[in-house]
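One structure below.
The values are calculated or read from the model by the stated rules, or taken from the named source; none is laboratory data. Quick caveat: nothing in here was measured; it's all calculated off a predicted structure. Every residue, glycine as well, gets a Cβ built from its backbone with ideal geometry; the counts of neighbours run over all protein chains shown. With ligands, DNA and RNA removed, areas are computed over all heavy atoms of the protein, side chains included. Shrake-Rupley method; radii C 1.70, N 1.55, O 1.52, S 1.80 Å.
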Amino acid sequence: MKSQRRVLCDWGSSRLRAFLDVDGIIVDRREGPGISALNMPPHLALREAVDLWHAAEGFDQVVMCGMVGSRNGLIEVPYVPAPVGSRAWTDHSVSHRAGELDLTIAPGVRGLNYSDAPDVMRGEETQIFGAFECDPALMQGHRLLLLPGTHSKWVDVRDGHISRFHTFITGEVFALLRDYSSLLRAGDSEGESEAGFAAGLERGGKAGVAESLFEVRSAQLLLGRTLGWGRGFLSGVLIGNEVATILRARRIHGPVTLIGEPKLSVLYRRALAANEIDTTELDGDLCVIAGLRLLTTHSERVN
């Protein structure tokens, strides 16, 4: 019996994660630049990323989510409106052929945030619907999910449907300030990042971001704080303020489910714990793989 070989791709703004799925088992993975960092057309970057797998034994399909389906990606896939469940979401996926590759690309989701302003997501919805597969209890009743990342998402789900969500560009702001501002150019050693993060959490929970950030630099200049402390303080201020903003916007009942990379989820767990909010955690890679597999099932259903 012929093996089913598929490539599952989460292709966001900052990076590409590709998984080779053979008969439901991930046997290899590769990473590459995100859509925003490409120096070649997306279809050529995709081919370069999967060429070794294609040359070895080939594969039947490439299933993708994230910014690859945006107007800056390989092909624009329209958003589906919230509230939306997994069946309606998969029904709006788009099939596309790029050279020799048969692609299925997930739609994003559009809706309103907690300020009733328009908001969108691409890629996170795949993790959310995959999380339902990993933990079916999340489909029961009202749950609050948090997906940390370049653009973190706080997502209300009701009875297995994405209903409302709010985006914070915390990760993007952190990267810009870390790499291009003057804030982290006064210290000269690593270490003390944990202490810096704790101090930043406290400051960000009580004060605004703009009024707090210059302490990253001034504490290095006048108090001898290290570069590591400054980086931790910067992260703490941004994450602490994000959590404080959410708590002003809505009440939180029950634990928050974190979906993402463990090293980033732990920072949000600390911020929520400081506000006496319990959390549970799911691995982001496992969730996105489960969500992308829903799209392969959809392709088999319609074909």
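Worth pointing out:
- Selection within segment 244-303 - within 21 Å of the chain's Cα centre (by Cα), open to solvent by 50 Å² or more (accessible area, probe 1.4 Å) and acidic (D, E): E261, D278, E281, D283
- Exactly one residue among R158, R217 is touching a strand residue (DSSP E or B) at 6+ places or on another chain (Cβ under 6 Å) and farther than 18 Å from Y268 by Cβ, and that residue is R158.
- Beta carbons closer than 7 Å, at least 6 apart along the sequence or on distinct chains, pair a first residue in segment 166-191 that is touching a residue at least 12 places away in the same chain (Cβ under 8 Å) with a second that is among the basic types (K, R) and surrounded by 15 or more Cβ atoms within 10 Å (Cβ to Cβ) for T167/K153; R178/R231; S182/R217; L183/R217; L184/R178; L184/R231; A186/R217; G187/R225.
One line per residue, one yes/no per condition, for (1) among the aliphatic types (A, V, I, L, M); (2) under 24 Å from V173 (Cβ atoms); (3) in a helix (DSSP H, G or I):
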| position | (1), (2), (3) |
| --- | --- |
| V216 | yes, yes, yes |
| Q220 | no, yes, yes |
| R225 | no, yes, no |
| G228 | no, yes, yes |
| I239 | yes, yes, yes |
| A244 | yes, yes, yes |
| L267 | yes, yes, yes |
| I289 | yes, no, yes |
| T296 | no, no, yes |
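- For segment 24-47, the set of residues classified as within 17 Å of V288 (Cα to Cα) and either of a type in the set (D, E) or open to solvent by 90 Å² or more (accessible area, probe 1.4 Å) (or both) consists of I25, D28, R29, E31, listed by residue number.
- R71 outside any strand (DSSP E or B), modelled with pLDDT of 90 or more and either under 24 Å from G260 (Cβ atoms) or not polar (S, T, N, Q) (or both): yes
- Neighbours by Cβ (under 6 Å, 6+ apart or cross-chain): first from segment 280-294, more than 20 Å from R6 (Cβ to Cβ); second open to solvent by less than 40 Å² (accessible area, probe 1.4 Å): T280/T257; E281/L258; E281/S265; L282/A131; L282/I259
- Counting only residues that are more than 13 Å from G123 (Cα to Cα) and hydrophobic (A, V, I, L, M, F, W, C), segment 61-79 holds 3 of them.
- Just so you know, in segment 155-172 the residues that are hydrophobic (A, V, I, L, M, F, W, C) and over 22 Å from L294 (Cβ atoms) include one that is least open to solvent (accessible area, probe 1.4 Å), and it is F168.
- Meets criteria (open to solvent by less than 30 Å² (accessible area, probe 1.4 Å) and of a type in the set (A, V, I, L, M)) for V50: yes
- Extreme residue, least open to solvent (accessible area, probe 1.4 Å), among residues of segment 203-232 that are under 22 Å from E276 (Cα atoms) and more than 25 Å from the chain's Cα centre (by Cα): A207
- Filter result (open to solvent by 10 Å² or more (accessible area, probe 1.4 Å) and touching a residue at least 40 places away in the same chain (Cβ under 8 Å)) within segment 53-69: W53, H54, E57, G58, F59, D60, Q61, M67
- Scanning segment 1-23 for residues that are surrounded by fewer than 17 Cβ atoms within 10 Å (Cβ to Cβ), at pLDDT 90 or above and of a type in the set (A, V, I, L, M) yields a single hit, V22.
- Given (1) within 30 Å of R217 (Cβ to Cβ); (2) part of a helix (DSSP H, G or I); (3) not small (G, A, S), number of the condition L184 does not satisfy: (2)
- Scanning segment 114-154 for residues that are part of a loop (DSSP other than H, G, I, E, B), surrounded by fewer than 17 Cβ atoms within 10 Å (Cβ to Cβ) and not charged (D, E, K, R) yields Y114, S115, A117, Q140, G141.
- Of the residues making up segment 76-113, those that are touching a residue at least 60 places away in the same chain (Cβ under 8 Å), of a type in the set (A, V, I, L, M, F, W, C), in contact with a Ser or Thr (Cβ under 7 Å, 6 or more places away or on another chain) and open to solvent by less than 20 Å² (accessible area, probe 1.4 Å) number 1.
- Condition met for D159 (out of contact with any Gly (no Cβ under 9 Å at 6 or more places or on another chain), modelled with pLDDT of 95 or more and either among the basic types (K, R) or on the phi > 0 side of the Ramachandran plot (or both)): no
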